[in-house]
Amino acid sequence: MTTETVRVGGGQTAGAEVRYFNRELSWLTFNQRVLAEASNPDYPVLERLRFLSISGSNLDEFLMVRVAGLAGQVRRQIEEVSIEGMTPSQQLGAIREKVIELELDQQKAWEELQVLLAECGITILDDDKREPAHARWMKDYFQEHILPVITPQAIDPAHPFPFVANQGMGILFALSRIADGAELMEMVLIPQSLPRFIRIPGEEAIYISVEDLICLNVELLFPGFRGLGHGVFRVLRDSDIEIEEEAEDLVRYYRTAIQRRRRGMVILLQLQGKFDPAAEALLRNQLGLDKAIVIKTGGLIGFGGLSKIVEEDRPDLKFEPYTPRYPERVLEHDGDCFASISEKDIVIHHPYESFEVVVDFLRQAASDPDVVAIKQTLYRAGNQSSVIAALIAAAEAGKSVTAVVELKARFDEEQNLFWASQLERAGVQVIYGFVDWKTHAKVSMVVRREKGSYRTYCHFGTGNYHPVTARIYTDLSFFTADPKFGRDAGKLFNFITGYVEPQKLEMLAISPLFLRDRLYECIDREIANARAGKPATIWAKLNALTDSKLINRLYEASQAGVMIALVIRGICCLRPGIEGLSENITVKSIIGRFLEHSRIWAFANGAELPNRRARVFITSADGMSRNLDRRVELLVPIRNRTVHDQVLSQVMLANLLDTEQSWVLAPDGSYARMEKGETPFNLHRYFMTNPSLSGRGAALTSGRKVPKLALRRGKV
């Protein structure tokens with residue numbers, strides 16, 4: 001992508017649509033910002049390739065879920081309009097245009113990166129770039145590793161058309177029999193177990209895609225035939241899983257639903273190369289392309305597969321490695337998490353501070369003879385989870401362990417089913433939560449015997465208990481031994497496991513019961529302060545903002561004179577800067593080395609932000625209807641002075657001050673890169689080189705000072 005401006009479409013004219021951007025088109029604009037990083041000259045070339053790969057994987061998921069849902073609505077003749085006034089059919093039409101535009105931008109980025117990679121000694125061959133020096137090795141590799149696992153199938157009335165799985169890739173070959181000149185068509189489906197890109201041995205990094213390697217060896221695959229042409233294709237299918245209210249056994253239902261997902265309706269057909277018209281017509285007819293998007297390209301298909309090349313061992317072409325810090329506060333207590341938490345609250349800022357603190361908290365709970373119970377929510381735990389191991393160890397040590405495993409975590413359902421069975425086998429009490437609501441809250445609760453009574457230690461997070469994403473996503477982990485939080489956490493788990501609706505919560509706000517009301521109450525207080533002539537400001541950092549009711553409340557605040565600065569990484573349906581509606585609202589998006597994932601709300605509470613009496617919260621919830629009304633989420637108030645300073649005056653403020661990785665949303669829906677200015681500021685670099693406040697312990701007063709951030713009034 002060459003432009004430095006990306007735009008949200010939608011064809012809005014008047015009325016409600018003036019107030020909002022379309023959610024799906026806003027998401028596509030977000031993915032264009034991701035793709036733009038593939039052309040960022042400030043990044044090493046393999047990191048640029050990584051962004052191209054991410055944009056491809058992101059787009060696949062969007063099509064398999066969001067576009068599939070819209071196509072399903074059109075097939076069922078559902079005409080319910082979105083918040084900006086578009087019908088499902090109108091949205092599909094606009095999405096098709098944007099997806100095709102995005103795919104063209106991906107091809108341009110790929111062409112540019114191929115040149116840069118070649119200059120750095122990384123070459124990607126295709127079936128037109130035959131390398132005689134490597135021909136023997138490629139032929140041997142094909143015969144030994146590919147030929148045994150692929151199965152050519154004739155396409156004629158005698159053979160049923162083969163099923164093409166979700167994300168499946170295949171090749172159609174037009175052939176002529178050498179003996180008599182008879183022509184036929186053959187299909188080869190490429191097993192997903194095969195690597196997408198294969199590295200040819202040698203010091204020089206030379207790769208070839210599996211589909212090109214197959215096409216180069218057509219004479220070995222079809223002896224006695226002459227190749228007349230071929231075309232590579234790829235299929236995406238509807239991958240959403242809808243919960244049926246009458247589902248009595250969620251585990252059995254999901255095991256069946258995962259199988260159904262692989263056979264969902266086709267949403268996208270990608271065609272590469274010069275397809276024979278008869279072959280294309282056959283594919284279209286056999287795949288049942290009702291409402292599907294068809295993209296033809298002469299370039300690469302399936303950009304997500306480029307992640308294999310990103311793994312190339314070339315540290316000079318990647319970001320300088322970063323090792324997370326282990327909080328000094330915990331080290332001062334000889335690594336004892338409970339001792340450091342009991343002293344005072346602490347917040348850990350991932351990935352700058354190690355996720356191992358969270359794992360150590362659970363490991364120590366598992367081995368501590370004074371710990372009697374552990375309760376844990378699990379949304380996405382990954383496929384090699386030290387968190388799961390700690391819970392199993394605790395159960396095997398005789399402790400009471402309860403795990404709330406969310407089966408409805410999209411694309412992690414199968415992994416979560418596996419972990420649930422492992423936990424149950426170890427004696428963990430596994431709960432699957434609500435049928436209609438996802439349990440998205442991130443919380444650990446450890447009950448420990450101390451001085452003749454029990455004390456509860458809690459961890460609340462904005463991100464998942466996933467050791468891999470914790471090295472990439474920026475998130476906050478809040479630890480506390482405050483009894484009020486402990487009592488509220490106990491009520492939360494009773495709500496999830498026993499449907500006991502919590503009463504008289506002291507600290508937490510839980511959705512779908514109270515979280516929306518708590519946010520409204522804070523916004524309304526700022527409105528009242530603005531009308532009373534007091535300073536009134538709202539800062540928020542979210543991954544998405546789509547809920548029309550919450551957006552309208554923010555509009556009301558803007559109209560009352562409240563100054564609102566929003567950092568929304570992805571989808572934003574709020575229109576900023578509209579006179580008489582949102583002129584006091586600014587929106588920016590940050591895309592960089594790390595994926596901004598922490599969610600923060602800050603309310604001025606009668607003084608200029610940042611200030612020590614501001615109301616500050618971290619949360620697992622985004623500003624979406626599903627988070628506020630159909631998920632179990634937490635809004636966690638930050639009261640401890642040092643933690644409050646860190647979240648508000650360090651983390652939140654750094655996001656607002658960033659100029660090097662920020663995009664600004666305009667009233668017309670376009671995003672433009674923020675000017676770096678005379679003193680550029682990169683929040684990721686800042687946190688990589690400066691320790692956080694609450695994790696420093698005694699070093700905060702005796703060690704190197706952390707540079708204090710200052711807000712330039714009128715610049716945010």
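Observations
- Whether the stretch 328-506 is rounded, prolate or oblate, judged on the alpha carbon gyration tensor where a/c under 1.5 counts as rounded: rounded
- A simple spin-label model places pseudo-atoms 7 Å from Cα toward Cβ; at ARG96 and ARG284 they are separated by 1.1 nm.
- Estimated dipole of the chain in Debye, rounded to 20 [Cβ of Lys and Arg +1, of Asp and Glu -1, Cα centre]: 2260
- Each Cα pair under 8 Å and six or more residues apart adds its separation to the average, and for the stretch 1-120 the resulting relative contact order is 33 percent.
- Convex hull of alpha carbon positions in the stretch 510-702: directionally averaged projected area 11.4 nm².
- For the stretch 501-520 versus the stretch 301-344, the gap between their alpha-carbon centres in whole angstrom: 33
- Environment charge at THR402 (Cβ cut-off 13 Å; Lys +1, Arg +1, Asp -1, Glu -1): +1
- Added length on full extension, which subtracts the Cα-Cα distance from 0.36 nm per residue, TYR322 to SER342: 4.2 nm
- Hits among aspartates and glutamates - C-alpha to C-alpha of LYS484 under 12 Å, sequence gap 8 or more where chains match: GLU506
- Mean projected area (nm²) of the alpha-carbon convex hull when the stretch 422-534 is viewed from all directions: 11.2
- Within the same chain, lysines fewer than 8 places from LYS291 are excluded, and of the rest, those with a Cα less than 21 Å from its Cα are LYS98.
- Global form of the stretch 490-608, assessed from the alpha-carbon gyration tensor, a/c cut-off 1.5: oblate
- Nearest 10 degrees, 0 to 90: helix 386-396 Cα axis against the chain principal axis: 70
- Length gained when the stretch GLU219-HIS134 is fully extended (0.36 nm per residue, less Cα-Cα span): 28.9 nm
- Histogram of C-alpha separations across the chain, 10 Å bin width, %: 3, 13, 22, 25, 20, 11, 4, 1, 0, 0
- Likely footprinting exposure, TYR465, TYR499, fewest C-beta neighbours within 10 Å first: TYR499, TYR465
- Pairs from LYS344/LYS708; LYS308/LYS588; LYS588/LYS676; LYS442/LYS676 whose Cα-Cα separation, in the structure shown, is over 25 Å: LYS308/LYS588; LYS442/LYS676
- Relative exposure of ASP645, ASP290, judged by other C-beta atoms within 10 Å (fewest first): ASP290, ASP645
- Principal-axis tilt of helix 23-36 within the chain, Cα atoms, nearest 10 degrees: 80
- Cα gyration tensor, the stretch 400-485 - rounded (a/c under 1.5), prolate or oblate: oblate
- Viscosity 1.002 mPa s, temperature 20 °C, Stokes-Einstein D of the stretch 1-120 from Kirkwood C-alpha radius, µm²/s: 139
- FRET efficiency, 1/(1 + (r/R0)^6) with R0 51 Å, evaluated for ALA532 and VAL500 via beta carbons: 0.80
- Alpha carbon centroid spacing (whole Å) that separates the stretch 77-148 from the stretch 658-673: 27
- Taking every alpha-carbon pair under 8 Å whose residues sit at least 6 apart, the chain reaches a relative contact order of 12 percent.
- Principal-axis tilt of helix 277-287 within the chain, Cα atoms, nearest 10 degrees: 50
Quick note: the coordinates plus some simple rules give every number you see, no bench work behind them. Small disclaimer: the values here were computed from a predicted structure and weren't measured. Note: ideal-geometry Cβ built from the backbone for every residue, glycine included; neighbour counts use all protein chains shown.
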